[in-house]
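Before any comments, here is the structure.
We did not get these values from a lab; they are worked out from the coordinates using the rules stated. Computed from a predicted model, the values in this text were never measured in an experiment. Methodologically, a virtual Cβ is constructed for each residue, glycine included, from the backbone with ideal geometry; neighbour enumeration extends over all protein chains shown.
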Ligand code: C5P
């Protein structure tokens, strides 16, 4: 059983979400998908008809939005103002607008505070939590005993996202997904606040040639060695 936090960061399409959920299940731990929170705020922004690149307006929407995030790895889910948005947050409009929303400093302040509260509660009540995102090891949980930075070749990442899309019934092409992955990585890595980067003490795991089971095994091994 896991004690404390596993911080799992990395760019889009490395298999982070699936790996994080499986890892949490294997460790009897909670699971937090921080990307779902940035996506849910983006839903609120789009519903209000606000320009996602306008930080003042985006901040106002974020202040008025109430998120409830599920931390059960078997059924995570998220609600926005009581409305289940778990499916809507994965749609193409949201994916397109989420980078500027998540680059808004005030949005990050609000969500990082909520994430820390969720993490503290899970550690107190359950013992451990696997947290995935872009800034978990660097900003949200800099004291996490294990930080993992997942990478994979661009091509592998685009292939995985395309497969995920078609499994979920969303139409997409490899080329469009590759462009989207590149666009978001550039945006997320070059923003001024909490850019995507590996923490100095993170263990880098390249998943290009690993399948899901292989990746989870590699991480379980790291947990064991750190624990
Ligand atoms: O992980 P996911 O692809 O759902 O994340 C969606 C977007 O949310 C990312 O592209 C990034 O802009 C933002 N994000 C972030 N910090 C996190 C998690 C996600 O900025 N901790």
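Observations on the structure shown:
- Checking the stretch 125-132 against the condition returns a match, with at least one residue being surrounded by 15 or more Cβ atoms within 10 Å (Cβ to Cβ) and closer than 23 Å to residue 181 by Cα.
- Search result, residues across the stretch 73-102 that are assigned to a loop (DSSP other than H, G, I, E, B) and closer than 17 Å to residue 17 by Cβ: 73, 74, 75, 76, 77, 85, 86, 87, 91
- For first residues located in the stretch 184-213 and over 19 Å from residue 158 (Cα atoms) and without any contact (Cβ under 8 Å) to a residue 60 or more places away in the chain, partners that are in a loop (DSSP other than H, G, I, E, B) and more than 10 Å from the ligand (Cβ to nearest atom) and lie 6+ apart or on another chain with Cβ distances below 7 Å form the pairs 204/198.
- The criterion of at least 1 residues that are within 24 Å of residue 98 (Cβ to Cβ) is met, among strands (runs of 3 or more DSSP E) falling completely within the stretch 113-227, by 128-133, 146-151.
- Pair list, Cβ < 7 Å and 6+ apart or interchain, from the stretch 32-45 residues that are touching a residue at least 40 places away in the same chain (Cβ under 8 Å) and under 10 Å from residue 89 (Cα atoms) to residues that are within 6 Å of the ligand (Cβ to nearest atom) and outside any helix (DSSP H, G or I): 35/133
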